[in-house]
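Read the structure below first, then the notes.
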Amino acid sequence: MNRTKISKPKKFILLISSLSIIGLIYLYSDNSINTKNNFTQSEYTLMDDTIYPSTIPEEQLLRIDEARKLYESAFDSGVFYGVVNPEKLIEFIKHAWQWDKNAMPYYYEIILWKDLYDEEGKEDGVIMSFDEFMRKYRDKLVDSAGNPLVEPEIYKSYNLSGYLSDKLADLKYPYFAYRKNWAYGIYEYDQQGIARPCTDEQLEKSIEYLNYAIDGGYHRYEDLIARMLFQQGNHYKNKKRDQINKLVEHRNTLKLADLKQAIDYAELMAEHSSIIGILRVTEAYLYGLGREHDEIKAYAWSLLLDYTRQKLIEQGNNLAWDRNYFPPVWAYNEEIQIRLEKSLNAEQKQTAHQYLTELKTKIIDWNYNKWRAQIDDFSPRP
């Protein structure tokens with residue numbers, strides 16, 4: 001069977017709901033609302049956009065990754081746009097219709113993609129349209145007491161998606177906060193591929209939402225310290241990532257307390273074998289930024305970076321994050337080592353090697369990719 005791939009329109013995820021009942025009666029247009037949320041049509045529909053807490057017990061709410069995996073196992077949103085596993089989709093919809101916040105954005109995806117259903121998928125004997133699924137299984141959509149569930153009215157409004165996702169990000173739901181941090185012009189480049197500087201206001205808002213996400217279990221410290229330290233919000237100066245930002249080029253408005261915290265986060269990353277994390281701690285001791293000026297410790301951390309590089313080579317580099325972007329890191333570290341080898345005497349170098357032995361024992365694992373992608377198992381809020 002030939003799998004015909006349908007070209008998707010630009011994908012947007014319609015997100016919703018919240019911690020406490022936020023009652024609003026909201027007029028919305030059946031067509032479009034401009035970017036300032038002003039109405040542009042003359043015909044409006046009265047709609048209740050109340051955001052309710054989930055009626056599912058907290059211990060039964062879906063975790064962030066759990067919701068994604070359940071959705072992906074239930075509905076095909078990549079080829080046929082149909083139902084892969086009816087039983088799993090029943091379970092998923094029960095969560096989405098009962099205001100489980102981590103399920104709701106994926107239910108919006110189903111609404112968005114279901115009309116692209118490809119009949120060719122029926123050859124598998126499994127794929128069915130969402131509409132066919134609803135005809136066959138609607139009576140299965142009940143709560144724990146067997147009462148029929150009703151699809152929340154909020155799913156019928158495409159125009160409120162921005163408002164709802166913003167509310168949930170502001171309420172510190174980590175899934176929504178992590179995505180909201182990208183809304184502030186991060187990673188914009190000019191025609192030469194040079195990263196454009198962000199305003200301090202943009203960076204601080206991105207930092208705010210990243211902190212919410214991290215508080216909710218995300219391990220996105222690499223993104224966070226880039227926003228904290230550099231005006232581009234990036235560890236690299238350009239799109240090709242062959243020019244790295246140095247710690248001495250940190251933001252002029254960076255507070256000393258924030259600088260120290262950024263290096264604390266870098267050290268946490270280093271404990272999980274992060275190349276960028278080890279480099280930033282090396283620089284911190286070298287320049288006395290966020291750490292005391294200590295060339296012996298700087299040399300030891302620089303040697304740890306060499307050791308980590310060799311470790312990655314031994315393992316086929318398969319654990320390195322963006323390994324193609326590391327050449328400027330190796331070059332910069334070599335520059336640092338040459339400088340320190342000239343300034344340190346034999347006894348100081350020996351002390352640095354002894355400290356290196358201690359540092360090696362602090363590496364928790366050698367799979368930074370895996371740790372970076374993890375989300376801690378925090379109990380979701382209703």
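The values are calculated or read from the model by the stated rules, or taken from the named source; none is laboratory data. A quick note: this is a predicted structure, and the numbers were derived from the prediction, not measured. Note that each Cβ is placed from the backbone with ideal geometry, even for glycine, and that neighbours are counted across all protein chains shown.
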> farther than 24 Å from I263 by Cα, part of a helix (DSSP H, G or I) and charged (D, E, K, R) - does that describe any residue in the range 169-176?
Replying inline: yes
>> Quick test of your reading of the structure: S77 fulfils all but one of (1) touching an Asp or Glu at 6+ places or on another chain (Cβ under 8 Å); (2) small (G, A, S); (3) assigned to a helix (DSSP H, G or I). Name the failing condition by number.
In response: (3)
> Which of the residues spanning the range 177-204 are in a loop (DSSP other than H, G, I, E, B) and of a type in the set (G, A, S)?
Replying inline: G185, G193
>> Criterion first (under 20 Å from T50 (Cα atoms) and either among the hydroxyl-bearing types (S, T, Y) or touching a Lys or Arg at 6+ places or on another chain (Cβ under 6 Å) (or both)) does S144 satisfy it?
In response: no
>> For the range 80-91, give me each residue that is crowded, with 24+ Cβ neighbours inside 10 Å and either assigned to a helix (DSSP H, G or I) or not assigned by TED's automatic domain parsing to the domain that holds V126 (or both).
In response: L89
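Quick check on M228: is it assigned to a helix (DSSP H, G or I) and either more than 28 Å from T357 (Cβ to Cβ) or outside the structural domain of I207 (by TED's automatic domain parsing) (or both)? Steps first, answer last, please.
Working: assigned to a helix (DSSP H, G or I): yes; either more than 28 Å from T357 (Cβ to Cβ) or outside the structural domain of I207 (by TED's automatic domain parsing) (or both): yes.
When the stated conditions are applied, M228 passes them.
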> Which condition does V126 not pass, out of (1) touching a Lys or Arg at 6+ places or on another chain (Cβ under 9 Å); (2) more than 17 Å from T50 (Cα to Cα); (3) part of a loop (DSSP other than H, G, I, E, B), if it passes all the others?
Replying inline: (1)
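For the range 107-117, indicate whether the set of residues that are closer than 17 Å to S54 by Cα and either in the same structural domain as I51 (by TED's automatic domain parsing) or surrounded by fewer than 15 Cβ atoms within 10 Å (Cβ to Cβ) (or both) is non-empty. Please lay out each step first, then the result.
Within the range 107-117, the subset closer than 17 Å to S54 by Cα is 107-108.
Now restrict to residues that are either in the same structural domain as I51 (by TED's automatic domain parsing) or surrounded by fewer than 15 Cβ atoms within 10 Å (Cβ to Cβ) (or both): 107-108.
Among the residues of the range 107-117, at least one is closer than 17 Å to S54 by Cα and either in the same structural domain as I51 (by TED's automatic domain parsing) or surrounded by fewer than 15 Cβ atoms within 10 Å (Cβ to Cβ) (or both), which makes the answer yes.
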> So which of Y71, Y52, Y106, Y81 is farther than 14 Å from F133 by Cα and more than 24 Å from the chain's Cα centre (by Cα)?
Replying inline: Y52
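With the structure loaded, tell me whether R227 is in contact with a Ser or Thr (Cβ under 8 Å, 6 or more places away or on another chain) and buried (at least 16 other Cβ atoms within 10 Å of the Cβ) or whether it fails that test.
On the way: in contact with a Ser or Thr (Cβ under 8 Å, 6 or more places away or on another chain): yes; buried (at least 16 other Cβ atoms within 10 Å of the Cβ): yes.
Answer is yes for this residue.
Limited to the range 231-255, what total is found for residues that are touching a residue at least 24 places away in the same chain (Cβ under 8 Å) and part of a helix (DSSP H, G or I)?
Applying the first criterion (touching a residue at least 24 places away in the same chain (Cβ under 8 Å)) to the range 231-255 yields 231-244, 246-248, 250-251, 253-254.
Subsequent filtering for residues that are part of a helix (DSSP H, G or I) retains 247-248.
The total comes to 2.
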>> Under 6 Å between Cβ atoms, which residue pairs at least 6 apart in sequence (or on different chains) link something in the range 67-94 that is on the phi > 0 side of the Ramachandran plot with a partner that is among the aliphatic types (A, V, I, L, M)?
In response: Y81/L116
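For L171, state whether it is surrounded by 15 or more Cβ atoms within 10 Å (Cβ to Cβ), more than 24 Å from V84 (Cβ to Cβ) and modelled with pLDDT of 85 or more. Steps first, please.
Working: surrounded by 15 or more Cβ atoms within 10 Å (Cβ to Cβ): yes; more than 24 Å from V84 (Cβ to Cβ): yes; modelled with pLDDT of 85 or more: yes.
Judged against the criteria, L171 is a match.
Residue under question is K205, and the condition is that it be in contact (Cβ under 8 Å) with a residue 40 or more places away in the chain, charged (D, E, K, R), surrounded by fewer than 21 Cβ atoms within 10 Å (Cβ to Cβ) and in the same structural domain as I275 (by TED's automatic domain parsing); does it hold? First the steps, then the outcome.
On the way: in contact (Cβ under 8 Å) with a residue 40 or more places away in the chain: no; charged (D, E, K, R): yes; surrounded by fewer than 21 Cβ atoms within 10 Å (Cβ to Cβ): yes; in the same structural domain as I275 (by TED's automatic domain parsing): yes.
So K205 fails the test.
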> Inside the range 174-190, can you point out the residues that are surrounded by fewer than 22 Cβ atoms within 10 Å (Cβ to Cβ) and of a type in the set (G, A, S)?
Replying inline: A183, G185
>> I'd like to check something: does the range 297-314 contain any residue that is closer than 23 Å to R241 by Cα, more than 26 Å from the chain's Cα centre (by Cα) and part of a loop (DSSP other than H, G, I, E, B)?
In response: no
>> So in the range 355-374, with the set limited to residues that are in contact with a helix residue (DSSP H, G or I) (Cβ under 8 Å, 6 or more places away or on another chain) and in a helix (DSSP H, G or I), which one is surrounded by the fewest Cβ atoms within 10 Å (Cβ to Cβ)?
In response: K360
> From the set of residues in the range 267-296 that are outside any loop (DSSP other than H, G, I, E, B) and more than 26 Å from the chain's Cα centre (by Cα), which is nearest to K246 (Cα to Cα)?
Replying inline: E283
